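Below is one structure, written out as structure tokens; the observations come after it.
Please treat every number below as a calculation from the coordinates, not as lab data. Keep in mind the model is a prediction, meaning the values are calculated, not measured. Heads up, the Cβs are rebuilt from the backbone with ideal geometry, glycines too, and the neighbour counts pull from every protein chain shown.
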Amino acid sequence: MLKKHKGIDNASIRRFHRTRMKTHDPFSMDISRHIWETRYRAADEADIRASWRRVAQAIALAEASECAQWAERFAALLEDFRFLPGGRILAGAGTGHRVTLFNCFVMGEIADDLEHIFEALKEGALTMQHGGGVGYDFSTLRPAGTVAAATGSIASGPVSFMHIWDAMCATMLSTGARRGAMMATLRCDHPDIETFVDAKRDPAVLRHFNLSVLVSDAFMDAVAGDADWPLVFPGLAEARTVKARELWQRILRAAYDTAEPGVLFVDTINRDNTLGGQENLSATNPCGEIPLPPYGACDLGSLNLTAFVASPFAADARFDLAALADAAGLAVRFLDNVIDVSRYPLPAQAQEAHRKRRIGLGLTGLADALVLLGLHYDSDAARQLAAQAMRTVRDAAYRASVELAREKGAFPAFAREAFLASGFATRLPGDIRDAIAAHGIRNSHLLAIAPAGTISLLANNLSSGIEPVFSAEAERRVLETDGRYRTHRVVDYACQLWQQRQNDGVPPAFIEARQIDPLAHLHMQAALQPLVDNAISKTINVAADIPFERFEDLYRQAHALGLKGCTVFRPNPVTGAILSEPADERVQCCGIEREAD
């Protein structure tokens, strides 16, 4: 490896990596090779370069002409882990297997009768069979104890039906070494909200679900004013009233004790939606980075920010923003093509994807990139630089989508005036708004920041998504194809590079997640959210001894800062810790096998 202490220019890094990729193993860690072999390697592939070629050629088949040239460009984009497509794309593209290339789906609305409930269960099973995680809004199901007018039977409530979904999911390994991942949401005014909130206090139940409460602005106002809060259900005359502040405390006590539920600020989500006039969003994919309408799909990919750092560890270290913009534009074309080459478990999913052409281009390796740049994760300078990188990706992605609309046509559901009047579109630069008005846009949504846990491990243990580095070294449990776990010792990517040059120690700007104030987590998410048209998957890690009052305040501030959701993880007896090995093999809500990537 290169040993220069005072930094290396970007061109030298690229030449070095290209030479290394041609002559050496691209994996610096056993866990990375193991992830490739067990999750993403296709038959007869000798190395990951063959996987990249397979994927690039398959995605280029969507092009009307110059397929070979586009395949070459896509392969160059994938090289050196510069762009990490969602795991379903890496695992499925070009294999000929009957799988979807979409990571996750939000399923159709669950009608409140037994026939449609079990039809929804079947649709979920078929989707998971093809490799997709699923999200559901259970708010449409009547509360427990109510009488069905048609049959006179007593309703058992949404949580009871969630147990049936959980049992279904427990029998299915979606694809290879992957647990089935599901998200369940429930409105904060549903009469069964308290049962939902406390459902996972029993560590043995609903272990395949992530839970989130749909929190409205009206509810937050009621909490602030210590007002009464009605629990209602359409068609039921009677309403039960609770104190809003007591319900809020109950939600957060459960999160404090069990790490769930998370909260989704549903009015913020819908206010910002570029298709706000056409759809109402009430559910997300399992990790929350893409709120979706019924039958909507996640088409995900992440740009590896460490690959765009020039002169790492040097005084003049910087982001190569021009290269980042070029990669973002090409990644948009790549993800747009995925829509056309993918299989879909259900016809309704294909129709929804083609009508709106949603994609979710995001970032990973942010914390490691900051270390390479000499910036502490919890500094103002780090947040400003992260926002600059995200703004570069946003603008390049939107410009690329406009150009694709000129070449291939706007997404069929595009309505010019409504789109430009949406909350997110009003924040776009004037030249991009003018271009959309003139030419339309290919994709209704373009940006999402996913956890990217598994694909970041694949890329030699990058810091995942926009999370801080958990620790310089840690143990990671990885699910095997036989359902067992294997534990790997891992070293953070930035620390690897530093140690190759300095022999030992950690870089000067290195900081572990446990050393970061929880508010710094929140403020990093808040710095990026205005630049992301979907949402951000972010877990705020806090110490086990954090006072409940401070824990609660994080959620209040998340709403005030305009975030679309908030998840705070406190180590607890139910779920253990995120990366340390637990005493048993219960499925973890935060494990990489649950991220569906």
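Given q = 0.11, 0.18, 0.22, 0.23 Å⁻¹, what are the Debye log10 I(q)/I(0) values for the range 42-169, with equal point scatterers placed on the Cα positions and solvent ignored? At q = 0.11, 0.18, 0.22, 0.23 Å⁻¹ the computed log10 ratios are -0.56, -0.93, -1.20, -1.27. Normalised by 2.2 N^0.38 Å, where N is the number of residues, the C-alpha radius of gyration of the chain stands at 0.92. Computed extension gain for Met172 through Ile154, at 0.36 nm per residue and net of the alpha carbon distance, reaches 3.4 nm.
Each part gets one Cα centre, and for the range 408-467 versus the range 492-553 those centres are 24 Å apart. Each principal axis of the Cα cloud of the range 377-461 was evaluated for its coordinate range; sorted largest first, these ranges are 41, 30, 19 Å. When the convex hull of its Cα atoms is viewed from all sides, the range 328-408 shows a mean projected area of 6.8 nm². Here, P(r) means the percent of Cα pairs in each 10 Å bin from 0 to the largest distance; for the range 293-373 it is 17, 37, 22, 16, 6, 0. At the listed q of 0.10, 0.11 Å⁻¹, the Debye profile of the range 323-478, built from one uniform point per Cα, gives log10 I(q)/I(0) equal to -0.44, -0.52.
Assuming charge only on the beta carbon of Lys and Arg (+1) and of Asp and Glu (-1), the dipole of the chain about its Cα centre is about 1580 debye to the nearest 20.
The radius of gyration of the Cα set in the range 187-346, together with its Dmax, comes out at 21.2, 68 angstrom.
With r defined as the distance between the Cβ atoms of Ser379 and Arg201 and R0 fixed at 41 Å, what FRET efficiency is calculated, to the nearest 0.05? That pair, Ser379 with Arg201, gives E of 0.60.
Of the listed pairs Lys408/Lys538; Lys200/Lys538; Lys200/Lys564; Lys122/Lys200; Lys200/Lys243, which have alpha-carbon separations greater than 26 Å here? Lys408/Lys538, as the Cα separations exceed 26 Å there. Between the range 293-333 and the range 40-117, what is the C-alpha centre distance in whole Å? The range 293-333 and the range 40-117 have Cα centres separated by 18 Å. Once both axes come from the Cα atoms, what is the angle between helix 493-502 and the longest principal axis of the chain, in degrees from 0 to 90, rounded to 10? Roughly 30 degrees between the two axes.
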